[in-house]
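Encoded as structure tokens, the structure appears first; notes follow it.
The values are calculated or read from the model by the stated rules, or taken from the named source; none is laboratory data. What you are looking at is a predicted structure, and each value in this text was computed from that prediction instead of being measured. Positions of Cβ are generated from backbone atoms using ideal geometry, with glycine treated the same way; all protein chains shown enter the neighbour counts.
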């Protein structure tokens, strides 16, 4: 049988496509049955979750393996964040896999990291090995799972990134499916009248409704609440996903909103940029999150929101301009195609729409903005606000601080990057200006140290949201160094020291034995710093003198010195 050129080309194309698909079907990074505690795009404080979290049976030290052939391109060691983390490039697919919160690295990787930590004389390192230095094979053990860094319990944080852009992708698109037949779970709906353009039930304030369930777990209608609207409104939904056999809640991958069977909004969570991850604060109802720790997701797009997740008509806003029933429907769908449909009605009813209130300090989302008052200034560069705001400032005199107390806006407003804030010192009495620090004040008066740079008789710092109160306080007390179990250092071949600080926190520390740097490890979840004896770096047959120094965020320092021996302590 004669085969045409076109048939040969078609076969080659199909073969190439199949190989490409196969090459991106990665093996699981864990060797136990996969179960997830978190999924991609989950809503977190100030960011979307950039990976998937694999459960490790509530313990550490489960084997972690490379999901595909490649090479270690980056190694990060940090007391916070991802803790101990590995990044593996896979040139054949154009992806980078990321493994976070590890307890330890494989021997060859650990030896390389230790050498670099001593070269840089730092526990925290961010390393980029040459690609031929640490090659790995698919299924090769590269680490053990852990709970290091900003982890709330033992698990593996795993990511798949686009190597070129470092954008995180939904890792579940490239792994074997985790069995799941459960639909997303709807918890609430919300309505947001556009200021000066819309009204809900006679009010220009948001209306947030909790949705109850029937005995089978299906969401009920809003109940007795009759939703009347007129003019332009936005809608939001509170919802989570569920998975078989798990008690966790997860993020919803697909959200679609229909009005009279026409789609007006959709979002798809499968990729974002780390530069845009704080735009989560525009994706959600930020004010409700800050005040009630509740995640309503907006189905309309603010003008400063550049997230590439959306498709929308009229930016998702709905114009209620006829006296009739408007039929709205949410469709919520997960990774496996499980879908929840929820319908509800908004009654178009003509009613008065309040005009925009007068604003003395209007701030536009697409301009530079500033506010200046006695002893205070605020500068918000363009690109920080997601929508226009009316800025309101309140100043209170206080004898308990070195400045007045400044309430920086009357309600929470997120900033995408940061604003520069200056607060003047009303009583400049401290000789060491580093001892001054701006503090954020909670409703009950609790201080959270921010710090700042002394300039023009005050302090300058950056803030990343509005709505808090600030004042200038001080920290003149040095950190406390507490040695633990001194008598057993030699026998246990390790030194443990606890560091505590009253206000500004530990900024830096250094350990030396006989004048040479030694590596103390630590983690943000603990105040204990540990050095494990390294026989190759310790002098033999000599007494050992430990010198440990620490500096806090206000420049206060402390030091500890101890002479001990390899054998019993003298």
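A few remarks follow.
- Here is the figure for segment 179-209: residues that are under 31 Å from the mean Cα position of the chain (by Cα) and either more than 26 Å from residue 301 (Cβ to Cβ) or touching a residue at least 24 places away in the same chain (Cβ under 8 Å) (or both) total 19.
- Taken over segment 176-216, residues that are part of a loop (DSSP other than H, G, I, E, B), in contact with a strand residue (DSSP E or B) (Cβ under 8 Å, 6 or more places away or on another chain), under 20 Å from residue 246 (Cα atoms) and modelled with pLDDT under 95 amount to 1.
- Any hit, segment 286-294, residues being in contact with a strand residue (DSSP E or B) (Cβ under 6 Å, 6 or more places away or on another chain) and under 26 Å from residue 198 (Cα atoms): yes
- All conditions but one from (1) surrounded by fewer than 17 Cβ atoms within 10 Å (Cβ to Cβ); (2) touching a residue at least 60 places away in the same chain (Cβ under 8 Å); (3) out of contact with any helix residue (DSSP H, G or I) (no Cβ under 8 Å at 6 or more places or on another chain) apply to residue 507; the one that does not is (2).
- Only one entry in 503, 525 is in a loop (DSSP other than H, G, I, E, B), outside the structural domain of residue 393 (by TED's automatic domain parsing) and touching a strand residue (DSSP E or B) at 6+ places or on another chain (Cβ under 6 Å), namely 503.
- Just one of the listed residues (271, 242, 278) is in contact (Cβ under 8 Å) with a residue 40 or more places away in the chain and farther than 26 Å from residue 183 by Cα, namely 278.
- Boolean, residue 104 is out of contact with any strand residue (DSSP E or B) (no Cβ under 7 Å at 6 or more places or on another chain), surrounded by 13 or more Cβ atoms within 10 Å (Cβ to Cβ) and modelled with pLDDT of 95 or more: no
- Flag for residue 442 being at pLDDT below 95 and more than 32 Å from the chain's Cα centre (by Cα): no
- Residue within segment 223-232 that is touching a helix residue (DSSP H, G or I) at 6+ places or on another chain (Cβ under 8 Å), closer than 20 Å to residue 301 by Cβ, crowded, with 16+ Cβ neighbours inside 10 Å and in contact (Cβ under 8 Å) with a residue 40 or more places away in the chain present: no
- Any hit, segment 557-569, residues being at pLDDT 95 or above and part of a loop (DSSP other than H, G, I, E, B): no
- Residue in segment 484-497 that is modelled with pLDDT of 95 or more, crowded, with 17+ Cβ neighbours inside 10 Å and out of contact with any helix residue (DSSP H, G or I) (no Cβ under 6 Å at 6 or more places or on another chain) present: yes
- Matching residues, segment 128-155, being over 23 Å from the mean Cα position of the chain (by Cα), in contact (Cβ under 8 Å) with a residue 40 or more places away in the chain, farther than 20 Å from residue 35 by Cα and in a loop (DSSP other than H, G, I, E, B): 128, 129, 131, 132, 133, 134, 137, 138, 140
- Among the candidates 334, 261, 276, 288, the residue that is over 25 Å from residue 95 (Cα atoms), crowded, with 17+ Cβ neighbours inside 10 Å and not assigned by TED's automatic domain parsing to the domain that holds residue 163 is uniquely 288.
This table checks each residue for (1) in contact with a helix residue (DSSP H, G or I) (Cβ under 8 Å, 6 or more places away or on another chain); (2) surrounded by 18 or more Cβ atoms within 10 Å (Cβ to Cβ).
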position	(1), (2)
74	no, no
87	no, yes
109	no, yes
132	no, no
154	no, yes
158	yes, yes
172	no, yes
